[in-house]
Amino acid sequence: MRILVSGASVAGPVLAHWLTRYGFSVTVVERAPAPRRTGGHAVDLFRPAMDISEKMGVLPYIEERATDTRRLTVHQEGSSRRPVRADLSKIFGAASERHVEIMRDELSEIYYDATRDDVEYVFGDSITAISPAGEVRFEHAPPRRFDLVVGADGLHSNVRRLVFGAESGFSAFIGAYLGVLSLPNASDVDGELLMHVGVGRTVGMYGAQHLGEARALFLFRSERELDYHHRDVPRQKDLLRGAFAGMHAEVDRWLDELDRTPAFYFDSITQLRMDTWSRGRVTLVGDAGYCPGAAVGGSTSLAVLGAYVLAGELARADGDHERAFPAYERAMAEHVRGSRAVALSAAKTLIPTSRLGVRGLAQGVRLISALPAGPSRALLRLTTKSGRLYDSVRVEDYAPTPGAAPARPST
């Protein structure tokens with residue numbers, strides 16, 4: 001049975017790994033000309049994604065590439081108060097008993113390296129049409145027929161557009177934007193997250209010794225959707241400058257790197273809300289089908305889990321998509337709803353709407369860090385939805401497969 005997967009970031013390679021293990025023939029097509037190996041921002045893998053990565057044999061390589069961010073310093077905009085310093089590992093530990101933070105592109109590289117010998121990867125191409133019978137046309141390659149097609153191509157999914165229609169019919173803007181840039185690690189930040197928090201805007205800068213550079217992540221609120229094209233990078237940089245102008249001299253220095261940064265990302269924080277992720281021979285996985293909100297909803301862990309569940313349900317149904325796709329959607333529905341709720345709550349906390357919210361964020365960080373592990377975890381579970389979500393997910397065992405041999409380390 002031949003399955004085409006569009007997208008080689010996170011969900012695509014994870015899905016390809018498990019489909020191959022279950023005996024399916026998999027092709028992954030990716031618009032980028034080569035695997036992405038630079039840029040991106042830090043993402044969190046919580047318990048279910050950690051468990052799945054361990055089953056794949058790649059967890060040691062993920063842990064080797066962890067950012068190992070352990071300390072947090074929070075500055076409150078416009079306040080004479082001393083910055084709050086906290087043990088970040090305790091805050092993450094309060095949210096989940098199993099967690100690692102890693103750069104998104106390094107994670108993608110690890111998953112790709114684990115599958116490249118067993119999966120056909122086609123870079124520098126994309127799908128232009130999909131027929132109900134599975135005939136697929138590409139921008140460059142000749143047409144081919146596949147039994148199933150899976151869109152794992154992110155929030156702005158090409159597969160979703162071709163099969164379900166325009167993104168505007170499914171997206172829900174949650175009132176915030178995200179920007180990420182790479183910059184020199186002039187402050188020699190290693191294992192520390194430096195944050196500046198103000199009303200309607202938050203920025204953090206972090207680095208890790210193995211990266212050789214730092215990343216700055218910007219989050220800001222907007223009552224309306226901003227006018228820009230998703231490929232107009234100069235316009236996006238101007239919007240970011242305007243949103244953070246005058247926040248702090250340190251933030252101004254980070255913004256100065258916008259004209260020199262080797263890697264830049266900007267997008268709205270948007271949720272996808274679809275009644276179904278499947279139509280005929282086509283289904284969606286990860287952000288392509290149920291993005292809860294970049295940077296605030298645990299979308300990377302959700303994508304890994306969704307890819308694993310989709311492959312497992314296809315194996316359980318012997319490739320019968322009419323049984324597998326509904327089962328996949330049923331299995332993921334509760335997790336998707338929970339992640340959406342987490343995203344809305346996290347966005348409100350991380351990007352405060354008032355001075356009281358700014359102080360509350362700083363004091364909450366200080367309190368959780370000061371408490372012993374048990375009470376801090378209990379406090380977070382009482383006050384947020386995230387603490388209840390991640391550790392409640394249990395990874396099901398699907399069709400038995402040979403033991404996962406350790407994948408080659410990424411290079």
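Among residues of the stretch 167-186 that are touching a residue at least 12 places away in the same chain (Cβ under 8 Å) and closer than 18 Å to D259 by Cα, those with a beta-carbon under 9 Å from a residue that is among the basic types (K, R) and part of a strand (DSSP E or B) at least six positions away or on a different chain give the pairs V180/R215; L181/R215; S182/R215; L183/R215. Considering L302, L284, L344, the condition of being within 25 Å of Y177 (Cα to Cα) and in contact with a His (Cβ under 7 Å, 6 or more places away or on another chain) is satisfied by L302 alone. Residues in the stretch 73-123 that are surrounded by fewer than 21 Cβ atoms within 10 Å (Cβ to Cβ) and aromatic (F, W, Y) were compared, and the one that is farthest from P33 (Cα to Cα) is F92.
Can you spot a residue in the stretch 130-142 that is at pLDDT 95 or above and within 23 Å of R273 (Cα to Cα)? Yes, the stretch 130-142 contains a residue that is at pLDDT 95 or above and within 23 Å of R273 (Cα to Cα). The residue that is farthest from L193 (Cα to Cα), counting only those in the stretch 20-50 that are among the basic types (K, R) and surrounded by 15 or more Cβ atoms within 10 Å (Cβ to Cβ), is R21. When the stretch 103-140 is limited to residues that are without any contact (Cβ under 8 Å) to a residue 24 or more places away in the chain and basic (K, R), the one that is farthest from H210 (Cα to Cα) turns out to be R137. Considering the stretch 35-122, the qualifying strands (runs of 3 or more DSSP E), each wholly inside and each with 2 or more residues that are touching a Leu at 6+ places or on another chain (Cβ under 8 Å) and within 19 Å of D391 (Cα to Cα), run over 42-46, 99-103. Screening the candidates A166, A176 for the property of being small (G, A, S), touching a strand residue (DSSP E or B) at 6+ places or on another chain (Cβ under 7 Å) and either surrounded by 20 or more Cβ atoms within 10 Å (Cβ to Cβ) or more than 15 Å from V5 (Cα to Cα) (or both) yields one hit, A176. Using the structure shown, decide if L181 is touching a Leu at 6+ places or on another chain (Cβ under 9 Å), crowded, with 16+ Cβ neighbours inside 10 Å and not in a loop (DSSP other than H, G, I, E, B). For L181, the condition - touching a Leu at 6+ places or on another chain (Cβ under 9 Å), crowded, with 16+ Cβ neighbours inside 10 Å and not in a loop (DSSP other than H, G, I, E, B) - is met. Close Cβ contacts (under 9 Å, 6 or more residues apart or on different chains) running from residues in the stretch 74-91 that are touching a residue at least 40 places away in the same chain (Cβ under 8 Å) and over 18 Å from M205 (Cβ atoms) to residues that are part of a helix (DSSP H, G or I) and polar (S, T, N, Q) comprise D87/S369; K90/S369; K90/S376. Across the stretch 102-146, the number of residues qualifying as within 19 Å of S157 (Cβ to Cβ) and of a type in the set (V, I, T) comes to 5.
Conditions (1) out of contact with any helix residue (DSSP H, G or I) (no Cβ under 6 Å at 6 or more places or on another chain); (2) surrounded by 20 or more Cβ atoms within 10 Å (Cβ to Cβ); (3) free of Cβ contacts under 8 Å to residues at least 60 places away in the same chain; (4) in a strand (DSSP E or B), marked per residue:
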site: Q271; (1), (2), (3), (4): no, yes, no, yes
site: T276; (1), (2), (3), (4): yes, no, yes, no
site: A288; (1), (2), (3), (4): no, yes, no, no
site: P292; (1), (2), (3), (4): no, yes, yes, no
site: S301; (1), (2), (3), (4): no, yes, no, no
site: V304; (1), (2), (3), (4): no, yes, no, no
site: A307; (1), (2), (3), (4): no, yes, no, no
site: A315; (1), (2), (3), (4): yes, yes, no, no
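Of the residues making up the stretch 342-359, just one is surrounded by fewer than 16 Cβ atoms within 10 Å (Cβ to Cβ) and aliphatic (A, V, I, L, M), namely L356. Determine, yes or no, whether R161 is of a type in the set (K, R), in contact with a His (Cβ under 8 Å, 6 or more places away or on another chain) and closer than 26 Å to H230 by Cα. Answer is no for this residue.
One line per residue, one yes/no per condition, for (1) touching a Cys at 6+ places or on another chain (Cβ under 6 Å); (2) within 20 Å of R104 (Cα to Cα); (3) at pLDDT 95 or above:
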position	(1), (2), (3)
D147	no, no, yes
A152	no, yes, yes
A186	no, no, no
V203	no, yes, yes
A208	no, yes, no
G212	no, yes, no
A216	no, yes, no
R224	no, no, no
Y228	no, no, no
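The values are calculated or read from the model by the stated rules, or taken from the named source; none is laboratory data. None of these values were measured; they are calculated from a predicted model. Neighbour counts are summed over all protein chains in view; Cβ atoms, including those assigned to glycine, are modelled from backbone coordinates with ideal geometry.
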